[in-house]
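Worksheet: the structure to be examined is printed underneath.
Where a number appears in this text, it was derived from the coordinates with a stated rule and is not lab data. Please read all numbers here as calculations on a predicted model, not as lab measurements. FYI the Cβ positions are ideal-geometry reconstructions off the backbone, even for glycines, and counts take in every protein chain you see.
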């Protein structure tokens, strides 16, 4: 595991294969840690399946809202090179120094593309309509909308796609097929279309490779009885996701395909293509996505919409899932436990019919307007090629095989894996593995960090203080996107007439290279000290223009943008006059703000490289070790007298070769031998002060005087504990154990000689009830594991598992199948009729109600084993208060974002991992600990930390210390200071710029204009509003007719 | 998908012109950078059409908008002011939008003091993927103020 023993060459670059959410996370973490990244994707853009999702469970957050800022960050990152349409052909060399040969397919569109979309409208293939005549050419199904709409042969995969260039579909382009057409070429004023492009060989030299090729849905046609493809109103869950999406085929209207009518009855069929004999694994996400889609469908259509989910076990096993499932039931989503054998279609109505055997063993019939198939996940078929090129081991389904305790190691040194490629999993676990992969890679590459990243040199900044504003205004045509609606020439003339404008001109594409050069030259020639660009949106283009003016010696914050495309010409297409008037207003508003702009500088604060890891179990030790191997000094604080945590009680895993105690001993030995780790056992944390980059913690260890340690980041890895059951005679009868106690017994040498005749396991003890609504995630797996171990050691022992839902997600399903094959009896009990345990003549008698037989059964048992919940430490509360981080309602630590920031707290510099976050398995803990470490390494990579410039500033003359702004600050960045002046106590607030994120809640709370966000000060925003309201009489030009020649431009 | 959307296909139903007392009002819309401004851009990418009477001002968070900014805009002649933020739970800054929601209550009370109709101010949630919703919110807001007389604070 320790790669630092290898002393070969280290290249400070990494290859990330796959541009989905996993690959994106890996790329960002690598780049933050000082590693140059090549991010490749087979497709024309990055984003993966997450870009197609409408919302994400269990918070119903908008997927694109959380993802889009990352897309933009990657597209603008100086150290991330995106290589789309590329595949790995050959990998030579070894860990630390790989020579990778890539093959890039032609895009037929070059970097001059501005993403304006003119070619899309010009393409004749985009105008095709579906036809029943097989001789007629058919339109091209749009992949982004899962074929529910059509696209041209030159297209941008989705509006926020990165890179936001068009791409030509070579299979359907008329020019590439017949040599004719070229209409797109004529429409492109940027000159970006290049049909001469050919396949290209690209070679890159990298030190490590992270593979995250993602997944596809299992084709529901593997289940012909469901009629997918034949019945129009049977669709996949991903198609339904597109129906729900506001950017989907019907703009968020849920309509069924056959007649575009709003459905009144929707059924969701679970486990389509998974949990069957061919694919004996659980796809892990479908129960929750079906629940989400049912809830959203009700939101879109009507609360009375009938939503029935046909399922076998409802697997709501992660944070907030059980509560989400309960909420869905409360909203009237019906869950029907059965495996649906077959669907039918009413030929007249196109309604879908189904017949099923209910739990009451009687036959039921139902009809639906729309049926959604919860298709399972399979590895992306393209990843099969990685077996040859990267030498990866793949299982029979094509998943990448990893070893126990090494969840992100691909089996070849220097190559790491993340995401569904190793096992079906949810977004946060993919993100965790991606970060974890980076941490493992950085153990290898940390000596080379910073070597290949771009260090851009800028000319010295021009002094502008005290100068009257001299603004240059550049109005973009965006080809015809703006100019066909807005009379650009008139806007230019108008801009020239405005105060402080010394230059105004129109440019064909403001973002194109020639325009950028023109802007730079004008800044120098006309001594501009403000630049306004009226074009598309600052969300995507402000960083580009800021960089441009900085290259010309202007402070980048002396820039303002007017959005006259996305928010003007594109939304007022039929109204050139009002649109032109609005464009002028927007320019006037931008100019008004620009006059009040001032140079801003990003502050740099020195950072402490040390890390405090709280908790010395598997999570804390794993994080400490990977950080120490990357050269960070770690203080590992464990409250117990010894390292090891809960892992000390684990005796075996599913895999026979996995020995938890051996792994634990190795990790403890490695921690003790690591010179970069200082272990504090028996530790008590007395106080933690400071903020990201500069924390100070006072901790005392058993028998030692308290010490104060400085550090830059914190990892919370305090673990969890086993619930002490109060029911089922636990603690009152020696034959009633918890699963952990059983595991200890099974590991003892005398099990065989004293093997019990009958063991009854009872699931969900202390979980999924009113007091602790969450599922404890690991207990079903533990029961199956221990049941199999019993059958291995004493096959004659009868084993019963009394369960509510068997939640053996992912590959654990295979072991569940095996347990049933080996005679373990799984019997469901109802939450309202729990089993009862009584003592009867020394033996135990378990009475359980059988919902199918509708009778009570009594099982005589020697051992009753309780799946005791995994519960948070009560001490979490104190630590949470000390760190000012939140706990969830169940008492586990709450991460910054359930999907995309699964190891971060909202407070910068503090991270979490392991069972302190939620119950999880050893491998999941290891991945999350590596992930948390990667985020620490990214935070502490540089010697100084760059702070945002657009943060709050206290205006000393106006602030009277009323402190209204202190409590509302979401980041606790504002504090009240008291000081003496002229014999009186004065008060004022202070902003900690390391904590402030510039949201401006403080400035909106302040009654005295005493605090403001730089770049968004009240005067600056008010100036825009006032400019918008400036009476028309101040408008120096009369309302013009749109100049016709401009419109044609 | 958006590229195929034509304006006619996505045009929203306009209000009844006969109801309008103020056919050409001016609305100031403060939109948060992360959700609503992005939703406004998506309305553009999707070519959704709405009346050209709004001027959007980008703010980082809906929680950044001081109540005085709303009142100032209205008393300087804006016919309506709209604040758009992320849906509850989606805020980029944890819960700035909820703070905006609380302030909106205060703003509504202030409207009365200034003799302004309640329809002149709205707080709406629009996510980054809700282009259609953004266009619909704009249409509703603008139609709403068109039904009112021009702002009594309007000069010139």
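What is the percent of Cα-Cα separations in region A:698-798 that go past 21 Å? Roughly 52 percent, once rounded to a whole number. Computing FRET efficiency as 1/(1 + (r/R0)^6) for residue A:831 and residue A:681, where r is the C-beta to C-beta distance and R0 is 35 Å, gives about 0.25. In a solvent-free Debye calculation with one equal scatterer on each Cα, what is log10 I(q)/I(0) for region A:591-668 at q = 0.15 Å⁻¹, listed in the order of the q values? Results for region A:591-668 at q = 0.15 Å⁻¹ read -0.65. Take the Cα radius of gyration of chain B and divide it by 2.2 N^0.38 Å, N being the number of residues; the result is 1.02.
Give, to the nearest whole percent, the P(r) tail of region A:555-635 beyond 20 angstrom, counting all Cα pairs. Mind showing how you got there, number by number?
Details: 2046 of 3240 pairs.
Of all Cα-Cα pairs in region A:555-635, 63 percent lie more than 20 Å apart.
The ranking of A:993, B:105 by Cβ neighbour count inside 10 Å, starting from the fewest, reads B:105, A:993. Computed over region A:525-605, relative contact order equals 36 percent, with contacts defined as Cα pairs under 8 Å that lie 6+ residues apart. Hey, with R₀ at 51 Å, roughly what FRET efficiency would residue A:180 and residue B:153 work out to, going by the Cβ-Cβ distance, to 0.05? With R0 = 51 Å, the Cβ-Cβ based efficiency is 0.25. From its DSSP helices (H runs of at least four residues, each -39,500 (n - 2.57)), the protein assembly as shown gives a residue-normalised ellipticity at 222 nm of -8000 deg cm²/dmol.
Averaged over every viewing direction, what's the projected area of the C-alpha convex hull for region A:538-686? Give it in nm², one decimal, please.
Averaged projected hull area, Cα only: 18.0 nm².
When each of A:918, A:723 is scored by the number of other beta-carbon atoms lying within 10 Å, the sequence from fewest to most is A:723, A:918.
Exposure proxy shown here: for B:62, A:753, A:700, A:439, the number of other Cβ atoms within 10 Å sets the order, fewest to most, as A:753, A:700, A:439, B:62.
Relative to the globular-protein estimate of 2.2 N^0.38 Å, the Cα radius of gyration of region A:413-487 stands at 2.14. With the simple spin-label model, which puts each label point 7 Å out from Cα in the Cβ direction, the residue A:203 to residue A:642 separation comes to 5.4 nm.
Dividing the convex hull volume of the alpha carbon atoms of region A:217-377 by its residue count gives 114 Å³ per residue. Calculate how steeply helix A:812-821 sits against the longest principal axis of the alpha-carbon atoms of chain A, using the helix alpha-carbon long axis, and give the answer as 0 to 90 degrees to the nearest 10. Tilt of helix A:812-821: around 20 degrees. If every alpha-carbon in region A:118-187 counts as one equal scatterer, what log10 I(q)/I(0) does Debye give at q = 0.12, 0.16, 0.22, 0.25 1/Å? Taking Cα atoms of region A:118-187 as identical point scatterers yields -0.31, -0.55, -1.00, -1.22.
Tell me, what is the percent relative contact order of chain A, built from C-alpha pairs under 8 Å that lie six or more residues apart?
Relative contact order comes out at 11 percent.
Can you work out the base-10 log of I(q)/I(0) for region A:952-1013 at q = 0.19, 0.23, 0.26 1/Å, using the Debye formula on its C-alpha atoms alone? After summing over all Cα pairs, the log10 values are -0.60, -0.85, -1.05. With Cα atoms as the point set, the protein assembly as shown shows a radius of gyration and Dmax of 31.4, 103 Å.
Over all projection directions, the Cα-based convex hull of region A:723-870 averages an area of 8.6 nm². For chain B, relative contact order (Cα pairs under 8 Å, six or more residues apart, normalised by length) works out to 36 percent.
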